[in-house]
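The values are calculated or read from the model by the stated rules, or taken from the named source; none is laboratory data. Since this is a predicted model, take the numbers as computed values, not measurements. Please note: Cβ atoms are built from the backbone with ideal geometry, for glycine as well, and neighbour counts cover all protein chains shown. Protein only, heavy atoms only, side chains kept; ligands, DNA and RNA dropped before computing areas. Shrake-Rupley method; radii C 1.70, N 1.55, O 1.52, S 1.80 Å.
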Number of protein chains: 2
Amino acid sequence: MSEAPARRGPLPIADVVVDDAFWSPRRETVRTRALPHQEHQLRTGGQFEALKLAWRPGDEREPHIFWESDVAKWIEAASYTLARGHDPDLDASVDEAIALLEGAQGPDGYLNVHFTVVRPGERFTDLRDAHELYCAGHLIEAGVAHHAATGKTRLLDLVRRLADLVDREFGPGGSCEGGYDGHPEIELALVKLYRATGERRYLDLSLRLVDSRGRDPHYFAAERDRRGTEGFFGPHFLDRPTRPEWYREYVQDHAPVREQSEAVGHAVRAVYLYAGMADLALETGDAALRAACERLWDDVVSTKLYLTGGIGADPSREAFGPAYHLPVTDGYAETCAAIGLVMWARRMGALTGEAKYADVLERALYNGVVSGASADGTRYFYPNPLASDGTVERSEWFDCACCPPNYARLVASLEEYAYTADPDGLAVELYVSGSARFDRDGASVRVSQSTEYPWDGRVALTVDTETPVAFALRLRLPDWAPSHTLTVGGEPFEAPLESGYLVLDRTWAPGTEVVLDLPMAPTRVHAAPAVAAVHGRTAIQRGPIVYCAEEIDNAGPVPDLAVDPHAALRAVPDPDLGVVRVDVDGVRERPIDSLYSTERPAAEPTVIRTVPYYSWANRGKGTMAVWLRESAR
Amino acid sequence: MSEAPARRGPLPIADVVVDDAFWSPRRETVRTRALPHQEHQLRTGGQFEALKLAWRPGDEREPHIFWESDVAKWIEAASYTLARGHDPDLDASVDEAIALLEGAQGPDGYLNVHFTVVRPGERFTDLRDAHELYCAGHLIEAGVAHHAATGKTRLLDLVRRLADLVDREFGPGGSCEGGYDGHPEIELALVKLYRATGERRYLDLSLRLVDSRGRDPHYFAAERDRRGTEGFFGPHFLDRPTRPEWYREYVQDHAPVREQSEAVGHAVRAVYLYAGMADLALETGDAALRAACERLWDDVVSTKLYLTGGIGADPSREAFGPAYHLPVTDGYAETCAAIGLVMWARRMGALTGEAKYADVLERALYNGVVSGASADGTRYFYPNPLASDGTVERSEWFDCACCPPNYARLVASLEEYAYTADPDGLAVELYVSGSARFDRDGASVRVSQSTEYPWDGRVALTVDTETPVAFALRLRLPDWAPSHTLTVGGEPFEAPLESGYLVLDRTWAPGTEVVLDLPMAPTRVHAAPAVAAVHGRTAIQRGPIVYCAEEIDNAGPVPDLAVDPHAALRAVPDPDLGVVRVDVDGVRERPIDSLYSTERPAAEPTVIRTVPYYSWANRGKGTMAVWLRESAR
């Protein structure tokens, strides 16, 4: 067992191949459309230009506090793409961006254009709001990814100088001793840097930042007093009367992280923090940190999760709402938050070995994440509401452009999410055609997948080795699957179900084929009564795909539709859309010409067509709903 | 016809008596509980104290920009109460407050404590946000009401000095020429002052303020440039990316008022402005202004009105949402906005002679206004959502305490809303026991009402005169009434329906009795499909009263309930609650222990009890819903 990894985690990207009918076109769209589009936006929007440090007061396009993070996520996404194959234009653009970043870095390692040219002398004085450590975290992730993808060290060296500066300033006797970031991100990045470099002090720094949070005396109050002004975002007047303490919750700073039990505040900040905590729990074996992660996870999944895997229901603060508060039309479910949930879920799976985390990962990935970008990769959703009044459409870009490159980097790094290396073998987390390679007992093993998932539930896996090799192959049995059939070498196989995985622990002859078949009958989903926004409605799911009704397929506004509660759901392959549609009988109610009426609206029979939620808003504006009414007649 | 009023409008309060089983206890509660409670809050909260101008930088309780309005509305409410009868303690408290206001007024008439002691030298430099004219408007309303109620002139004299200052500063050559208020209110107040004093320049000033709005070059942009800083409320960072121009709409400053067609922005600001516009249209006969009022009204009523008469669905800005956006749990429907709608509706009725405005007035009054205060008058709702997750309850007070005294002044001035004097007679707008007196052909006429409305639909009216007198008695036929019966002197009477009124145009013998009987069968209400938040649900209404289910009456959470779509609604007098309840058969669904399930929740039969919406949240916290699901089984 000498080659068994010390702990669970993703395989190196280089050992995983994704060659999949669902994902490969999307990844190619990221390479050929999204990354060039985003590069154009960063060049024309000022982010690249700002790195030249030429901005002076009075100039247009004041460098924003979070601009480095946009550049960094784009580099990270590009790096994953470069890891898969040669793309000289992209490679050159990345090198140009890295050279600009080098030029913007100070001799002591500091890098944040805003605090260099707009507010010099104020660095690290507004940690609550000013995003310097958040940007540093994304730069570090980019540096690690770029080095792994290309072997080049320039960006990795740059981010090590930056991380070393943070270590000095935030360590004992540093100017920010006891400080931490208002927008978590650097925690998980420092764990990546530790793993990439073997330097333990990056892990220690991450742990210090995590554990400084939520203490009294309160660092952010003290920094405000030292500064004598409110933070970058200022006091939010309208919030003051109702929740004076909300800002501490907003930045997950209301209690020490080991004591937190409820997911609160800004959703992206939250899941980035929790992902970093899970990494640290895995690295350190800290049981209290793991328990906090598990409590927070349970809170999200049992009270704050949209059916699409979206989180963060409150649009006014991009934040988690109260338990069960999951509004649809006016819900938020930021793309970045679903991505952060995917990141956290992968780490929780590695930490615990339980498949339930990948169940949620899959839900978010195939629904609330993919919905974040248009089919052509150049338009993006920031919020991903589960219903639309017809006014919602994707945008080319945002002033706060966190989501587009985040989408790109996740889709480009799908390799990291498909498999988990395990001390006794390999866990297949996602059913994606391609393969994973690992060493076992001195032999190189490749597990290949072939599937039309998510449209078809048949997954054929082949174990390729030169000689027979013993290991446990774990196949996640998705939580949506009510049953399954499994064969090995063409014969029915009874695999025990452990922690949500079918465990095939055996000696594998070269070329052994495993076939997992998951039933793909569409099902209705009902919400708990506590989910007031959608309770009593029905949603449609088939495999991991959540469906929605769009106006364009239904010859009129979606709110007029009501599903027959007794009608069968019919899966209908739709070659034009490239998806499997689900149709169901129902009624269309005729509009009434006032807001309210004592007459029940008249209704006529109709067939309601639904399409995958992720695909909506690609054919013009119109009403949409995931949760459909049922007719009561 | 010599005594016929020149135009429609309310009778003088002194000529109207309200002696009603529904309203009189509420008005007595305002006198004995609400006004003392509010006075206590104003004394302990700093509003009274601030008027001594003793605050200095560093002191606690910095005088707020809108504190005068709190004091003014309390005085106005107290004045209406004093008009009905002697109350020496209240009278003394009001005189004390007036003396304090006199002490705070500058020699030139200026009165705003914040700009006197906190930001001296900055008066009238931040009209968009700083509420000086808003406070002036409320002071003017208070001055007019106090004079009418008591005959005392101190407060009226004070507000005339203030209005004269505004007239100078905002008139030709004044320091604020072309300026206007970010929070409308003074417009309607100046019309009141014009009517009370006969001074035409107050009307002209009001018209000038209304017509300065929404012009380019933009006054608020120019004042910001002069000032060199953002306004009091600052830039709202989160709003910037999506709607850079929202602030102009927020303060109804996006277009000249005569060109506005859609109700947008802060709901209270909007309806106060529209009420002033309606007053001006009535006084000036300006057809364009009237047409704008009618367009804006139609927009509100056909796209933005809650079933309870609430308006302003967007909690993040206290603002109108888009058309048909009427969320329930997270809706807003501020008490002040419903009150403002009542104020606007009365003026629209006077302007047009159409009963449809009083239909909405009645809906708001009996539902979304009365809900604003607890049964004991000392706790208040700011938002009035149509559903509760169990966390909502009234508060004793608010940092921004606009609603409590607004509720008090409306309930205390119900006389102004019950009847409309008409050139050819009298229109009965509200069915409220009591009477209205007016002169006709040299005779004094009293029309008395006796009714158990809103619980019973029988309204007995008696026309008391010394000699027969000819006039048209108009009885509003409520829009909720599908039929009616009418007798005069005990005989069936066919009255023509004109503009929503049954018109009894005849010569009245002394003592003639008219009986109007309105059917009070409870009915289901359905929402138009466009109202996504509640479409497909059902609400219950009986007469003008909208019902809701509360947890306390239903032995469990309201979201678990679903009404049988075919069951009869049963009106049940409930002496304990002092209301007529409505019960209906339905089912209770059993909770499921996850957010979502492919199993339909199990259900058992139950009787669903509903109570008037206005009465909710008087018996502890619990879930509540106006719009109930229907069972689909």
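Neighbouring Cβ atoms from other chains, within 10 Å of the Cβ of residues in B:328-334, number 3 on average. Shielding by partners for peptide A:552-558, expressed as the average number of C-beta atoms from other protein chains within 10 Å of each residue's C-beta, is 1. If the segment from A:A571 to A:A288 were pulled out straight at 0.36 nm per residue, it would be longer than the present Cα-Cα gap by 97.3 nm. What residues of the stretch A:610-633 lose no less than 20 Å² of accessible area with every protein chain in place versus their chain by itself (probe 1.4 Å, heavy atoms only)? In the stretch A:610-633, residues shielded by partner chains: A:R629, A:E630, A:A632, A:R633.
Here is the interface size for A with B: some 4300 Å² of accessible area buried, both sides summed, with a 1.4 Å probe.
Taking a ≥ b ≥ c as the square roots of the eigenvalues of the Cα gyration tensor, an a/c ratio of 1.5 or more together with a/b no larger than b/c marks the stretch A:111-221 as oblate. As a fraction of the 1.4 Å probe accessible area of the protein assembly as shown, surface on carbon and sulfur atoms comes out at 50 percent. Summary for A:D439: label point 7 Å along Cα→Cβ; distances to the equivalent points in the other copies, ascending, 11.0 nm. Under the classification rounded if a/c is under 1.5, otherwise prolate if a/b is larger than b/c and oblate if not, where does chain A fall, given a ≥ b ≥ c as square roots of the Cα gyration tensor eigenvalues? It is oblate, given that a/c is not under 1.5 and a/b is not larger than b/c.
Rounded to the nearest whole Hz, the Karplus-based 3J(HN,Hα) values (6.51 cos²θ - 1.76 cosθ + 1.60, θ = phi - 60°) of the stretch B:62-68 follow the sequence 4, x, 8, 5, 10, 4, 4, with x at glycine and proline. The relative contact order of the stretch B:523-630, computed from alpha carbon pairs under 8 Å that lie at least 6 residues apart in sequence, is 35 percent. Packing-based ranking of B:360-370, A:564-574 yields B:360-370, A:564-574, ordered from highest to lowest mean Cβ neighbour count within 10 Å.
Among the protein heavy atoms, those of A:T467 account for about 70 Å² of accessible surface (1.4 Å probe, every chain in place). Annotation: amide H-H contacts under 5 Å for B:F471 (H modelled 1.01 Å from N, sequence separation of 5 or more, or interchain): B:R506, B:W508. 3J(HN,Hα) along the stretch A:190-207: 5, 5, 4, 5, 4, 5, 6, 10, x, 7, 4, 5, 5, 5, 5, 4, 4, 5 Hz, from the Karplus curve 6.51 cos²θ - 1.76 cosθ + 1.60 with θ = phi - 60°, whole Hz, x for Gly and Pro. The charge dipole of the stretch B:462-524, taken about its Cα centre with unit charges on the Cβ atoms of Lys, Arg (+1), Asp and Glu (-1) only, comes to about 260 debye. When the stretch A:290-381 is described by a simple charge dipole with +1 on each Lys and Arg Cβ and -1 on each Asp and Glu Cβ, the residue from A:Y324, A:A375, A:G353 located farthest towards its positive end is A:G353. Remark: accessible surface ordering of A:K73, A:K192 (largest first) is A:K192, A:K73, probe radius 1.4 Å.
Simple rule: put +1 on each Lys or Arg Cβ and -1 on each Asp or Glu Cβ in the stretch B:423-517, find the dipole, and look at B:P454, B:G500, B:P482; the Cα lying farthest toward the positive end is B:P454. The label point for B:T507 and the one for A:D441, both projected 7 Å from the Cα toward the Cβ, are 11.8 nm apart. Across peptide B:586-599, the average count of Cβ atoms from other chains found within 10 Å of a residue's Cβ is 5. Between A:D574 and A:V579, A:V580, A:R581, the built amide H atoms are under 5 Å apart, and every one of these is 5 or more places off in sequence or on another chain. Put a plus charge on the Cβ of each Lys and Arg, a minus charge on the Cβ of each Asp and Glu, and nothing anywhere else: the dipole of chain B about its Cα centre is then about 420 debye. Extension gain, B:T487-B:D95: 0.36 nm per intervening residue step, less the Cα-Cα distance, totals 136.3 nm. What number comes out for the charge environment of A:V611, summing +1 per Lys or Arg and -1 per Asp or Glu over other residues with Cβ under 9 Å away? Result for the neighbourhood of A:V611: -1. Note on B:R458/B:R33: beta-carbon distance plugged into 1/(1 + (r/R0)^6) with R0 of 25 Å gives a FRET efficiency of 0.20. Using +1 at the Cβ of each Lys and Arg and -1 at the Cβ of each Asp and Glu in the stretch B:523-630, identify which of B:A528, B:L561, B:P591 lies farthest towards the dipole's positive end. Highest projection toward the positive end goes to B:A528. Solvent-accessible area per residue in chain B equals 34 Å², computed with a 1.4 angstrom probe and all protein chains kept. In this Cβ point-charge picture (+1 for Lys and Arg, -1 for Asp and Glu), the protein assembly as shown has a dipole of about 40 debye about its Cα centre.
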